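Right, one structure below, let's go through it.
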Amino acid sequence: MTRAVCPGSFDPVTVGHLDVIARAVDLYDEVVVAVGSNVSKRALFLPQERIVMLREACAAWPSVSVTLFSGLLVDFCRQSGAEVIVKGLRSGADYDYEVQMAQMNRTLTGVDTAFMPTAPQLSYVSSSLVREVASLGGDVTPFVPGGVLDRIQRRVAEQAGG
Ligand code: PNS
């Protein structure tokens, strides 16, 4: 039995994330979607809110669980019995960032990372652009699962209201 971890900030989950998770579901027996905090990013949603949205979006996959993690990803992998980290790669910039983390993680505890090239039609989709477009009044319908759309519109309105 192989358990994989799909880690990320998921602030919020996008159709690009779901494409990677769906493909991990096909490859591994169990997939743990692990919501962490990227200290360099300003969050729109609380971790618990992101988890609720992810659980809704992943409800059709019985082999997927969604959980919060803090601290080192490699420690979480060890605690949860995961053998592999799965990450999507959209571009060379992603590669440059991700390959260093993958090498560091493998050096720390031996856990390896499997990279998935994202679907070409989704390679421009990112949570940070979704946050920016939504906050400036743009339509993010094509980029997020249904349950996220309402929440992002409400959150942006709350923030605009002070
Ligand atoms: O979606 P993101 O923002 O690319 O997710 C990044 C995340 C949360 C997966 C990454 O920052 C991470 O693994 N954080 C945990 C802390 C850690 O293990 N840092 C050392 C990485 S080599």
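How far, in nm, would the chain grow between Gln79 and Val39 when pulled straight, counting 0.36 nm per residue and subtracting the alpha carbon separation? Write out the running numbers ahead of the final one.
Working: separation 40, 0.36 × 40 = 14.40 nm, distance 2.19 nm.
Taking Gln79 through Val39 to full extension adds about 12.2 nm, to one decimal.
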Seminar exercise, completed: Classified through the alpha carbon gyration tensor (a ≥ b ≥ c as square roots of its eigenvalues; rounded if a/c is under 1.5, else prolate when a/b is larger than b/c, else oblate), region 1-157 comes out prolate
Exercise. Taking the DSSP beta bridges in region 1-66 as the whole, what percent of them are antiparallel, to the nearest 5?
Worked result: 0
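With the contact rule set at Cα under 8 Å and sequence spacing of 6 or more, what percent relative contact order holds for the chain?
Details: 231 pairs, mean separation 47.0, N = 162.
After rounding, I find 29 percent.
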Exercise. So what's the back-of-envelope 222 nm ellipticity for the chain, counting only DSSP H runs of four-plus at -39500 (n - 2.57) apiece and dividing by all residues, rounded to 500?
Worked result: -14500 deg cm²/dmol
Seminar exercise, completed: Quick tally, 1.4 Å probe accessible area for Leu108, Leu44, sorted with the most first, runs Leu108, Leu44
Problem set entry | Estimated inter-spin distance, Leu46 and Leu72, nm [label 7 Å along Cα→Cβ] | 3.0
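The values are calculated or read from the model by the stated rules, or taken from the named source; none is laboratory data. Since the structure is predicted, the reported quantities are computational estimates derived from the model, not experimental observations. Counting neighbours? That spans all protein chains shown, and the Cβs are built from the backbone with ideal geometry, glycine included. These area figures cover heavy atoms from the full protein model, side chains too; ligands, DNA and RNA do not enter into them. Shrake-Rupley method; radii C 1.70, N 1.55, O 1.52, S 1.80 Å.
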